[in-house]
Amino acid sequence: PLVRQERNHQRLTPIGTLKATWLSPDTCACMTDAPAPDAILLATLEGFRDFHPALAAANLATHARFAHSRILTGEIRLPQLAQFSRNPHEFRSADIARLFDKQGPGQQDLLVDLAREISRMVQGCGVPGCRHIVLPACLSLGLVGPRLSELERRTGCTIKEVATMPPSLIGMRMQEALKRRFMALGGTFLTSERVLGARYDGDKVIGVHSQHGEDQLFEADHFVLASGSFFSRGLESRLGGIREPIFDADVLSLAERDAWAGRRLFDHHPFMGFGVKTDERLRVLRGGRPLTNLYGAGSVLAHYDPIKEGSGSGVAVATGWQAAGHILAEG
């Protein structure tokens, strides 16, 4: 379930900033056109290291939308978490979520304990009207809405979640939902394969092969190159230049390596704009000619700077959508 308005709303980030977005899970802490609450309490679980309420509260307090709000912090202690490790600072969001997900229909002790601790924290915060609680996203690997609703019923508070530092359960849930939908529509999702090369018929890609050898060819009418940038090895940086390793596609780069990066960390870095060249229909170029059934999408593409522009996700969605449209138009 997602929430949206006619224009972007602001979603709370784990460091207490507000990020413009159009679609958010309805469990997320968001700022819409409604005024900010008089008091908001950012809480975490004792020993959880991927969300720091004090940092988030300090940043949020500088935002004009919260000029008249009291921003509080709190910590919740659940003894059941001690089973993870003797080190109380090793709890990760997925570990905590699995513990909650193990609770069967007749085993609500953990959720009951959490509700009781939230009520105690609210009573001890010294602000009687504080009924807006933000927790880190760590209560379920799946749909968390029913669990938050149960907490709200038991505490009388409005409870939302905020993404933690990566890996974030909110992103993992979205990825899993998209994967399930893809497979329900007949798609095959291979998680252990790494594509290494392709076979061609002139300017047309016939198929791609993985590490298991060229004799096992994955064939299709159309292909989308969405292999990412340097971190995911969609692009390779070598002494001789930048290379796209699967199709040996044409890549935008600079011949002089010293010109790839700015002199200071927060300068503009030209290498961020390096990537695969395409034609106006996003067909990937190879030897100056488009491969007729291979489209590029996302951060493997050239001509934009996702860090400076803050446009990485937007470009990924827009180019993926555009590539799909071109494929559908082909019939």
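The values are calculated or read from the model by the stated rules, or taken from the named source; none is laboratory data. Bear in mind the structure is a predicted one, so any value in this text is a computation, not a measurement. FYI the Cβ positions are ideal-geometry reconstructions off the backbone, even for glycines, and counts take in every protein chain you see. The protein model used for the area step is the full one, side chains on, heavy atoms only, and it has no ligands, DNA or RNA in it. Shrake-Rupley method; radii C 1.70, N 1.55, O 1.52, S 1.80 Å.
Tabulated data
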{"item": "Subset of region 12-33 that is without any contact (Cβ under 8 Å) to a residue 60 or more places away in the chain and not in a loop (DSSP other than H, G, I, E, B) - its residue that is nearest to residue 175 (Cα to Cα)", "result": "24"}
{"item": "All positions within region 222-232 that are surrounded by 13 or more Cβ atoms within 10 Å (Cβ to Cβ) and part of a loop (DSSP other than H, G, I, E, B)", "result": "222, 226, 227, 228, 229, 230"}
{"item": "Strands (runs of 3 or more DSSP E) fully within region 238-327 counting 2 or more residues that are closer than 20 Å to residue 195 by Cα and in contact with a Ser or Thr (Cβ under 7 Å, 6 or more places away or on another chain)", "result": "283-286"}
{"item": "Single unsatisfied condition, residue 207 versus (1) surrounded by 13 or more Cβ atoms within 10 Å (Cβ to Cβ); (2) modelled with pLDDT under 95; (3) of a type outside the set (Asp, Glu)", "result": "(2)"}
{"item": "Residue that is surrounded by the fewest Cβ atoms within 10 Å (Cβ to Cβ) [pool: residues in region 245-298 that are at positive phi and out of contact with any Asp or Glu (no Cβ under 9 Å at 6 or more places or on another chain)]", "result": "248"}
{"item": "Failed condition for residue 303, given (1) touching a residue at least 12 places away in the same chain (Cβ under 8 Å); (2) open to solvent by 20 Å² or more (accessible area, probe 1.4 Å); (3) on the phi < 0 side of the Ramachandran plot", "result": "(3)"}
{"item": "Matching residues, region 85-142, being modelled with pLDDT of 90 or more and either in contact with a Pro (Cβ under 7 Å, 6 or more places away or on another chain) or hydroxyl-bearing (Ser, Thr, Tyr) (or both)", "result": "119, 132, 140"}
{"item": "Flag for residue 281 being modelled with pLDDT of 95 or more, within 15 Å of residue 302 (Cα to Cα) and in contact with a His (Cβ under 7 Å, 6 or more places away or on another chain)", "result": "yes"}
{"item": "Region 34-56 residues that are within 10 Å of residue 75 (Cα to Cα), paired with ones that are among the acidic types (Asp, Glu) and not in a strand (DSSP E or B) (beta carbon under 8 Å, 6 or more apart)", "result": "47/90"}
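Listed here are the residues, each with its yes/no results for (1) assigned to a loop (DSSP other than H, G, I, E, B); (2) open to solvent by 50 Å² or more (accessible area, probe 1.4 Å); (3) modelled with pLDDT under 95.
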| residue | (1), (2), (3) |
| --- | --- |
| 10 | no, yes, yes |
| 36 | yes, no, yes |
| 43 | no, no, no |
| 65 | no, yes, yes |
| 81 | no, no, yes |
